Each structure stands twice: as structure tokens, then as C-alpha cells.
1. Please report the projected area of the chain's Cα convex hull averaged over all directions, in nm².
2. Please state the charge dipole magnitude for the chain, taken about the Cα centre, from unit charges on C-beta atoms (+1 on K and R, -1 on D and E), reported in debye and rounded to the nearest 20.
3. What list do you get for L156, L112 if you sort them by fewest beta carbons within 10 Å?
4. Of the listed peptides 120-130, 62-72, what is their order by residue-averaged count of other C-beta atoms within 10 Å, with the highest listed first?
5. Taking the number of other C-beta atoms within 10 Å as the exposure measure, put H44, H85 in order starting with the fewest.
6. When V39, V87 are ordered from fewest to most other Cβ atoms inside 10 Å of their Cβ, what list results?
7. So what is the relative contact order for region 2-179, in percent, with contacts set as C-alpha pairs under 8 Å and at least six apart?
8. Could you list which residues have their amide H under 5 Å from that of V160, counting only those 5 or more apart in sequence or on another chain, with H placed in the peptide plane?
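Laboratory data are not the source of any read-out in this text; all were calculated from the coordinates shown. Since this is a predicted model, take the numbers as computed values, not measurements. All Cβ positions, even for glycine, are placed from backbone atoms using ideal geometry, and neighbour counts span all protein chains on display.
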Amino acid sequence: MDLPVGKTRLSIARGDITEQETDAIVNAANSSLMGGGGVDGAIHRAGGPTILEECRQIRAERGRLPTGEAVITTGGNLKTHHVIHTVGPVWHGGTKGEADLLASAYRESLRLAVERGLKSISFPSISTGAYGYPVAPAARVALQTVIDFLNQDDSLAEVVFVLFDPKTTRIYEETLQELMPK
């Protein structure tokens with residue numbers, strides 16, 4: 001499914017984010033930047049040791065990455081040239097600022113891509129795995145944040161949400177249809 005948002009094509013696809021050929025893919029990282037499970041582990045495994053080494057250097061310079069912030073490395077052995085690592089919030093019932101932190105993770109990833117002159121970026125569904133954020137509200141935050149960003153900045157040509165399973169893909173598609181004006 002794709003829709004135009006200004007000059008940018010916003011797409012939802014089912015697949016493996018480690019196979020994407022956009023200028024950057026986004027890693028739903030943990031604050032240690034040392035790899036982990038889910039999307040984070042898959043990106044580190046597929047990308048090889050270069051990504052981990054660059055993450056170690058970032059960690060040595062900055063310390064742990066706070067929730068809602070983002071950093072960038074090369075893509076290592078991946079088809080993409082860059083990996084943007086961002087930390088989404090752990091779900092605590094929605095009362096601890098989770099929506100604002102999740103929006104920040106998407107916004108900061110987009111801002112970093114634009115700063116670097118990138119033209120395309122692929123996102124997973126941040127925080128909906130081990131961090132327990134329910135998919136429907138996470139999709140609404142993710143898509144609305146991206147739409148709002150793209151309405152303010154038209155330098156990206158393509159933003160893709162790459163989702164691993166059919167249920168998540170359907171929820172994102174339905175949410176996008178609700179959010180886009182007819």
C-alpha cells in the first residue's frame with residue numbers, strides 16, 4: 001500500500017527490514033546499542049561486526065542512548081547504506097509518556113535522515129515487540145508522526161514501514177487509511 005504525502009511516497013509493506021535497499025533502515029535498538037533480540041538482533045546479525053563496532057564507538061562517546069533519540073551508523077553488510085538506531089519506549093500502560101517518546105523516536109530518525117541528505121528510509125514497528133507497546137496505538141503514533149513530519153519537510157522521496165507479520169501489516173494499513181484525508 002502506498003500513498004503520497006506531499007512529494008513523498010509513504011508505503012506499508014510486509015517483509016524483512018534487513019533486506020531493504022532504502023538509503024537507511026531504522027533499528028528498534030535498546031539503549032546499550034549492543035544488539036539484542038527482535039529487529040535489533042536481526043539487523044546486527046545481518047549487518048555484521050561493523051555495525052556493532054560503530055555502536056561501541058558511539059556508546060564510548062555518548063553513553064547509553066536515551067529513549068526517543070537516534071544515532072546513525074553505516075549499514076555494514078546490509079543492502080542499505082545506513083542504519084539509524086533509535087530507542088522506543090517500554091509500554092507501561094500508556095501513562096508514562098510513551099506516546100510522546102515513541103513519536104520522538106520516529107521524528108528524530110527522520111530528522112537524522114534529512115540532515116544526512118538521505119532520500120529514503122524504512123521503519124519497523126518500533127516498541128511493539130519485546131517492549132510491549134500495543135500495535136494499534138503504536139501504529140497511530142508512528143504514522144501520524146511521519147505524516148506530520150512529511151507535511152513540514154519534503155526532502156525525503158520515500159518512507160516505508162516494513163512489517164514482519166500479516167496482523168501488524170493490516171493494522172498499519174487500516175490506520176493509514178483512517179489518517180489520510182480522502
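1. That works out to 9.3 nm².
2. 180
3. Listing L156, L112 from fewest to most nearby Cβ atoms yields L112, L156.
4. Output ranking for 120-130, 62-72: 120-130, 62-72.
5. H44, H85
6. Placing the least packed residue first, the sequence is V39, V87.
7. 30
8. Those lying under 5 Å, H to H, from V160 are S11, I121, S122, F123.
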